[in-house]
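In what follows, a single structure is set out as structure tokens and then discussed.
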Amino acid sequence: MDIMDDIDQISSLHRVVKANEDIKKVIRISSGVNLVALNAMLIAKRSGERSRGFAVVSSELRLFSRNLDIAMTGLGELIFSLVRDAATMQRQRQQRSHFMTVMSRNKSMRKWVEPTLARVEARMGSVEEEISRDWHKLRLQLNRVLQLCESGRSLSRSAKIEAVYGGDMSATLKQVANQIEGTVDEIFSTLKLLRMQLAE
Amino acid sequence: MKKLEFIYEDGAHKWAVVARDPEKPNHLIDTNEYLVLNGSEALLADPGGMEIFSAVFSAISAEIDPYTIRHLFASHQDPDVISSLALWLDFNPDLKCHLSWLWGSFVPHFGGTAETFVAIPDEGATISLGGLMLDAVPAHYLHSSGNFNLYDRKARILFSGDVGAALLPPEESGLYVENFDRHIRHARDFHRRWMGSNKAKLSWCERVSRLDIDMLCPQHGAIYRGEDVKRFINWFADLDVGSGIRD
């Protein structure tokens, strides 16, 4: 396989755009966690002494939602820079293809075209290095967010347990805990799928 | 990097502009790219030059799925308008590019096949964007001899291409015109030199003054809103164009 075929595979704009759409979806979902966590805190406060445990968990959830927000911003910045670099690569790939066509049509042109082609490929190589670094950072950041989501899932389970002790507020607290669990699970499964796709 | 900003929103019907690139090299003229969205379909008006493709593409992708772009609209044939065509087609070969019939065999030098282009006749045409009707309004000789604006009668927005353009200094590069008299100084020389025909200019002024326009959106410079739209049309009608060569 030509080294340029490897580059095509890694920097394909379609692949990056697909990952970008998945990440945007997760960012949209995660922005809801903050509201749910805030709601949980308010309900716990209203329930008073009966839901002290729930209040502790909901305050941890609020912290979790802040950390998730920071992690998601990082993920968004990384994918933005990957899209930009993949688009730059597409332009250089097209330039390369023009010079390759010239060479294939007229072999005698090789001596003039080859140095230009080498310069184009050198530029492609440096953008590709940048793209590889970005992919690596993206995978690391994805793992970090997944770990964070694991802690979010534990918190949502704790919230469900604490909701049981909420007396007459128990049903409301349980509903909030389920909401948190649902949102975190959705983020978790989307990111896991994305990690699998990126590993292919 | 360029950023996408929504300038009109009514449910799934939206207009956005990709503008102001602080990282753009000084030797390139700054351009505004406009995106019209209607449900799951989008049209990109004057997609820009190939040098800024990555900036435009990444700005759009940060907000919307670029696969929703099904149409490109080129107001005319200039490189800052449409030289990125081949790159957009690399991404989505099914894109349709609407432009004046006059440039039908010139613009393909930037890329595309016979199936890519939808020729707009001199009198104009209607482009359907998921059921939303957009009008290609003739603006010939302003400045190109085959030139169109794009009018959205529902949003009351006119994408005016080079008409209304201004070359703004960095300290006055807001997205909207805030002080017409101050702003128009940066548009005067551009229009005197680039617009070649007083007759064509008056014909355009008469045509667009019959349209309901809330926003007049040029390819360079700032967007005119409300009363400034009328002010601009009157100012342009009075300006002697085709006269900008410096002695």
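The values are calculated or read from the model by the stated rules, or taken from the named source; none is laboratory data. As the structure is a computational prediction, the values presented were derived from the model and not from experiment. So basically every Cβ, Gly included, is an ideal-geometry build from the backbone, and we count neighbours across all protein chains shown. Side chains included, ligands, DNA and RNA excluded: accessible areas come from the protein's heavy atoms. Shrake-Rupley method; radii C 1.70, N 1.55, O 1.52, S 1.80 Å.
Select, from A:ARG96, A:ARG84, the only residue that is within 14 Å of chain B (Cβ to nearest Cβ), under 19 Å from A:GLU128 (Cα atoms) and in contact with a Phe, Trp or Tyr (Cβ under 8 Å, 6 or more places away or on another chain). Just one listed residue meets the conditions, A:ARG84.
Residue pairs whose Cβ atoms lie under 9 Å apart, separated by 6 or more positions or on different chains, with the first residue in region B:183-207 and surrounded by 15 or more Cβ atoms within 10 Å (Cβ to Cβ) and the second basic (Lys, Arg), are B:ILE184/B:ARG231; B:HIS191/B:LYS201; B:ARG193/B:ARG246; B:MET195/B:LYS201. State which residue is farthest from the chain's Cα centre (by Cα) when the search covers only region B:42-52 and only residues that are without any contact (Cβ under 8 Å) to a residue 60 or more places away in the chain and crowded, with 24+ Cβ neighbours inside 10 Å. Per the stated criteria, the residue is B:ILE52. Quick one: which of A:GLU130, A:GLU150 is more than 14 Å from chain B (Cβ to nearest Cβ) and in a helix (DSSP H, G or I)? After applying the criteria, what remains is A:GLU150.
Kindly indicate whether A:ILE79 is within 14 Å of chain B (Cβ to nearest Cβ) and either surrounded by 13 or more Cβ atoms within 10 Å (Cβ to Cβ) or free of Cβ contacts under 8 Å to residues at least 40 places away in the same chain (or both).
So A:ILE79 fits the description; yes.
Filtering A:ARG93, A:ARG157, A:ARG123 for residues that are of a type in the set (Lys, Arg), farther than 30 Å from B:SER61 by Cβ and more than 20 Å from the chain's Cα centre (by Cα) leaves a single hit, A:ARG157.
Remark: pairs (first residue in region A:91-111, more than 30 Å from B:GLY48 (Cα to Cα); second residue modelled with pLDDT of 85 or more; Cβ separation under 8 Å; 6+ apart in sequence or on different chains) = A:MET109/A:VAL102; A:MET109/A:MET103; A:ARG110/A:MET103.
Inspection of region A:116-123 finds no residue satisfying the criterion of being over 30 Å from B:GLU51 (Cβ atoms) and modelled with pLDDT of 90 or more. Among strands (runs of 3 or more DSSP E) entirely within region B:54-156, having at least 1 residues that are free of Cβ contacts under 8 Å to residues at least 60 places away in the same chain, away from chain A (no Cβ under 14 Å) and open to solvent by 50 Å² or more (accessible area, probe 1.4 Å) singles out B:69-73, B:96-100, B:117-120, B:125-129, B:132-138.
Per-residue answers, yes or no, for (1) within 17 Å of the chain's Cα centre (by Cα); (2) in contact (Cβ under 8 Å) with a residue 40 or more places away in the chain; (3) more than 23 Å from B:PRO169 (Cα to Cα):
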{"residue": "B:SER209", "(1), (2), (3)": "no, no, yes"}
{"residue": "B:LEU216", "(1), (2), (3)": "yes, yes, no"}
{"residue": "B:GLN219", "(1), (2), (3)": "yes, yes, no"}
{"residue": "B:ALA222", "(1), (2), (3)": "yes, yes, no"}
{"residue": "B:ARG225", "(1), (2), (3)": "yes, yes, no"}
{"residue": "B:ASP228", "(1), (2), (3)": "no, yes, no"}
{"residue": "B:ASN234", "(1), (2), (3)": "no, no, yes"}
{"residue": "B:VAL241", "(1), (2), (3)": "no, yes, no"}
{"residue": "B:GLY244", "(1), (2), (3)": "no, yes, no"}
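Applying the set (1) modelled with pLDDT under 95; (2) outside any helix (DSSP H, G or I) to B:ASP189 leaves exactly one unmet item: (2).
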